[in-house]
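Undergrad: Before anything else, here's the structure in question.
The values are calculated or read from the model by the stated rules, or taken from the named source; none is laboratory data. What you see is a predicted model, and the numbers here were worked out from it, not measured in a lab. Ideal geometry is used to build each Cβ from the backbone, glycine not excepted, and the neighbour counts take in all protein chains shown. Accessible surface is based on the protein model in full, side chains and every heavy atom, while ligands, DNA and RNA are left aside. Shrake-Rupley method; radii C 1.70, N 1.55, O 1.52, S 1.80 Å.
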Amino acid sequence: MAKAKVTFEDINQTVNVPAGTRLIEISEKVGAGIIYGCREGDCGTCMTHVVTGWNNLTEPSVLEEKVLRENMANRHDRLACQAQVLGDCTVKPA
Amino acid sequence: MVEVTSRTGPAGAVEIAPGVHWIGALDPALRTFDIILRTANGTTYNSFLVRGESGVAVVDTVKLEFAEDFFRRLESVADYSEIRVIVLNHLEPDHSGALPELMRRAPQARLYISTRATSMLKALLKPKEADRSFEYETVGTNDEVSLGNRTLRFLHTPFLHWPDTQCTYLVEDGILFSGDIFGCHYCDNRLFNDRVGDFRFSFDYYYGHIMRPFKAHVVEALKLIEPLRLTIVAPTHGPILRDRPRRYVTHYRELSTSSLTERIGNEDRSLVVFYMSAYGSTARMADAIRAGAEETAGIRVSLYDLEGGETGPFVDLIEEADALAFGSPTINGDAVKPVWDLLSSLAVVNLKGKLGAAFGSYGWSGEAVRMIEDRMRGLKMRVPVPGLRLKLIPTDDELVECCDFGRKLAAALVGGEQGRVIDFSELG
């Protein structure tokens, strides 16, 4: 299975994960500082800034884009409960 | 003969400044608000009407059950056809309850809400209402709406205490319609802070339960509010603050400032270790964890036996701590009640970003540590070091392990974790 390296900048730790894993699952297990609320892409609590590897995550859905907009997301912010890892990236809490 | 005034207040609107009226409602019988707050003498739902040369603005409405009072007071000073602007500073049902009916009666009015309020607006209105494409506009800091000779200016003050909250400033008059900020559950038909009874307790109690979890956001809001000229602060609950309104702004600043920083400096990172111990084993673990953590420079460790304290002061300690460690034995497959009591009393403080850790001695199954870790994660804390469980009485080697646990926790706290690469499967 394809693997990807996800680096959590706030705790300076990198995790090797199977491609397709959601960011929130990794963050939660490794104890990074990304927090979550509803876990279904609605509340915006798990907003995460993608420092590098923006293109190595699944495309945001229309719903995710709407929630990001409503929560005044910056460029390259994603919802950790929605974004799945496809390749190497570095993230930190937004 | 003594005249006893109605607890539900005057029949009509009450002028708070020329052309600015209170049109809210009094709810003296309420004893519990939002499940979490006691309200010994009820509350008020304050809404206001501002008359300008080119139309009328209504700022906030009331809880649905009090809509009749609101409309009666509104009608005493304006006609629905004059309303051009409706502002909702906060969409919680106690302020938006009369909104659908108000919009029905004043269909020409445009609604102004904060940028974060859109989804809440749709969720609050009945589907039937949401289908109606009534006009609304989202606004942010420094956006303005003119009423001719008067200007409403918006301040984006999110998370006080919902994501959508904002304040509206009546520029020419120096009146701040502050939403729930500076509010309190205190019902007194004399309405103004210089006329009502002693509401200091209610003011601080309200802050403690509603605003305290959002102190960082209070500080951000104060940056917008403090520079304003303020003649009146008009919150959505409790007395209208017309006598020395700035005192309340200053008081919010004091309440939102860290007392740990004020009193003992901000140089060290603070780790608080709470524990309960039946036979002294978890207590010995706590001592060893403290010893290990203290080896790291820049860490201040405090050790507390939950058996000897009360929840309130412990919550205060937790609020200002950077990391928390909970030690509990496992009794009948669970952590002990004082641990849960404390871990279920933390809704009033912001735990985001704090580190958490759990440890404990156990007899045969040892579930407590995992359960505490799960709870801490649920409270949005980061659990950087896997919990430490020891069977019954710790040996010397196991106490060394406890010291090491403390060292790791301290390292995580001062950011000394090395850039490790971990495989996902290792994380369990």
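Undergrad: Across the stretch B:46-72, which residue is least open to solvent (accessible area, probe 1.4 Å) among those that are within 11 Å of B:Ser146 (Cα to Cα) and assigned to a loop (DSSP other than H, G, I, E, B)?
TA: If we take residues in the stretch B:46-72 being within 11 Å of B:Ser146 (Cα to Cα) and assigned to a loop (DSSP other than H, G, I, E, B), then B:Ser54 is least open to solvent (accessible area, probe 1.4 Å).
Undergrad: Continuing with the same structure: Check A:Glu64 against each of (1) free of Cβ contacts under 8 Å to residues at least 24 places away in the same chain; (2) open to solvent by 30 Å² or more (accessible area, probe 1.4 Å); (3) more than 12 Å from chain B (Cβ to nearest Cβ) and name the one condition it does not meet.
TA: (2)
Undergrad: Follow-up. Take the residues in the stretch B:365-394 that are free of Cβ contacts under 8 Å to residues at least 24 places away in the same chain and over 20 Å from B:Ile289 (Cα atoms), then tell me which one is nearest to the chain's Cα centre (by Cα).
TA: In this case the residue turns out to be B:Gly378.
Undergrad: Something else now. Give the residues of the stretch A:70-94 that are in contact with a Leu (Cβ under 8 Å, 6 or more places away or on another chain) and not in a loop (DSSP other than H, G, I, E, B), sorted by residue number.
TA: Selection gives A:Asp77, A:Arg78, A:Leu79, A:Gln84, A:Val85, A:Cys89, A:Val91.
Undergrad: Can you name the condition, by its number, that B:Val385 falls short on among (1) within 14 Å of another protein chain (Cβ to nearest Cβ); (2) outside any loop (DSSP other than H, G, I, E, B); (3) under 21 Å from B:Val301 (Cα atoms)?
TA: In the conditions (1) within 14 Å of another protein chain (Cβ to nearest Cβ); (2) outside any loop (DSSP other than H, G, I, E, B); (3) under 21 Å from B:Val301 (Cα atoms), B:Val385 misses (2) alone.
Undergrad: Quick test of your reading of the structure: B:Tyr206 fulfils all but one of (1) in contact with a helix residue (DSSP H, G or I) (Cβ under 9 Å, 6 or more places away or on another chain); (2) surrounded by 18 or more Cβ atoms within 10 Å (Cβ to Cβ); (3) farther than 17 Å from B:Val87 by Cα. Name the failing condition by number.
TA: (1)
Undergrad: Name, by its number, the condition in (1) in contact with a strand residue (DSSP E or B) (Cβ under 9 Å, 6 or more places away or on another chain); (2) closer than 20 Å to B:Met376 by Cα; (3) not in a loop (DSSP other than H, G, I, E, B) that does not hold for A:Gly33.
TA: Among (1) in contact with a strand residue (DSSP E or B) (Cβ under 9 Å, 6 or more places away or on another chain); (2) closer than 20 Å to B:Met376 by Cα; (3) not in a loop (DSSP other than H, G, I, E, B), the lone unmet condition for A:Gly33 is (3).
Undergrad: Find all pairs meeting these conditions: Cβ atoms under 7 angstrom apart; at least six residues apart or on different chains; first residue within the stretch B:316-338 and assigned to a helix (DSSP H, G or I); second residue crowded, with 22+ Cβ neighbours inside 10 Å and not acidic (Asp, Glu).
TA: Short answer, once both residue conditions are applied: B:Ile318/B:Leu324; B:Pro338/B:Met276.
Undergrad: Here is a follow-up. Which numbered condition in (1) at pLDDT 95 or above; (2) facing chain A (nearest Cβ under 9 Å) is the only one that B:Gly406 fails?
TA: (2)
Undergrad: Looking at the stretch A:1-20 only, could you name the residues that are open to solvent by 10 Å² or more (accessible area, probe 1.4 Å) and either within 9 Å of chain B (Cβ to nearest Cβ) or in contact with a Cys (Cβ under 7 Å, 6 or more places away or on another chain) (or both)?
TA: Answer for the stretch A:1-20, where residues must be open to solvent by 10 Å² or more (accessible area, probe 1.4 Å) and either within 9 Å of chain B (Cβ to nearest Cβ) or in contact with a Cys (Cβ under 7 Å, 6 or more places away or on another chain) (or both): A:Lys3, A:Lys5, A:Thr7, A:Asp10, A:Asn12, A:Thr14, A:Asn16, A:Pro18.
Undergrad: Then there's this: Of the residues in the stretch A:21-41, how many are within 8 Å of chain B (Cβ to nearest Cβ) and over 18 Å from A:Asn74 (Cβ atoms)?
TA: Number satisfying all stated conditions: 8.
Undergrad: Of the residues B:Leu342, B:Leu399, only one is in contact with a strand residue (DSSP E or B) (Cβ under 8 Å, 6 or more places away or on another chain), in contact (Cβ under 8 Å) with a residue 60 or more places away in the chain and either part of a strand (DSSP E or B) or in the same structural domain as B:Asp268 (by TED's automatic domain parsing) (or both); which?
TA: B:Leu342
Undergrad: Additional query: Looking at (1) touching a residue at least 24 places away in the same chain (Cβ under 8 Å); (2) in contact with a Lys or Arg (Cβ under 9 Å, 6 or more places away or on another chain); (3) within 30 Å of B:Leu224 (Cα to Cα); (4) not in a strand (DSSP E or B), find the lone condition where B:Val145 falls short.
TA: Of the numbered conditions (1) touching a residue at least 24 places away in the same chain (Cβ under 8 Å); (2) in contact with a Lys or Arg (Cβ under 9 Å, 6 or more places away or on another chain); (3) within 30 Å of B:Leu224 (Cα to Cα); (4) not in a strand (DSSP E or B), the odd one out for B:Val145 is (4).
Undergrad: Okay, moving on. Only one of these is touching a Leu at 6+ places or on another chain (Cβ under 9 Å) and crowded, with 19+ Cβ neighbours inside 10 Å: B:Gly298, B:Gly356, B:Gly363. Name it.
TA: Sole residue among the options that is touching a Leu at 6+ places or on another chain (Cβ under 9 Å) and crowded, with 19+ Cβ neighbours inside 10 Å: B:Gly356.
Every residue, every condition in (1) closer than 17 Å to B:Leu260 by Cβ; (2) under 28 Å from the mean Cα position of the chain (by Cα); (3) modelled with pLDDT of 95 or more, yes or no:
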site: B:Asp287; (1), (2), (3): no, no, yes
site: B:Asp305; (1), (2), (3): no, no, yes
site: B:Asp322; (1), (2), (3): yes, yes, no
site: B:Pro338; (1), (2), (3): no, yes, yes
site: B:Asp341; (1), (2), (3): no, yes, yes
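Undergrad: Kindly indicate the residue of the stretch B:414-428 that is within 11 Å of chain A (Cβ to nearest Cβ) and over 16 Å from A:Phe8 (Cβ atoms) and also modelled with the highest pLDDT among those meeting that condition.
TA: Restricting to residues being within 11 Å of chain A (Cβ to nearest Cβ) and over 16 Å from A:Phe8 (Cβ atoms), the top hit is B:Ser425.
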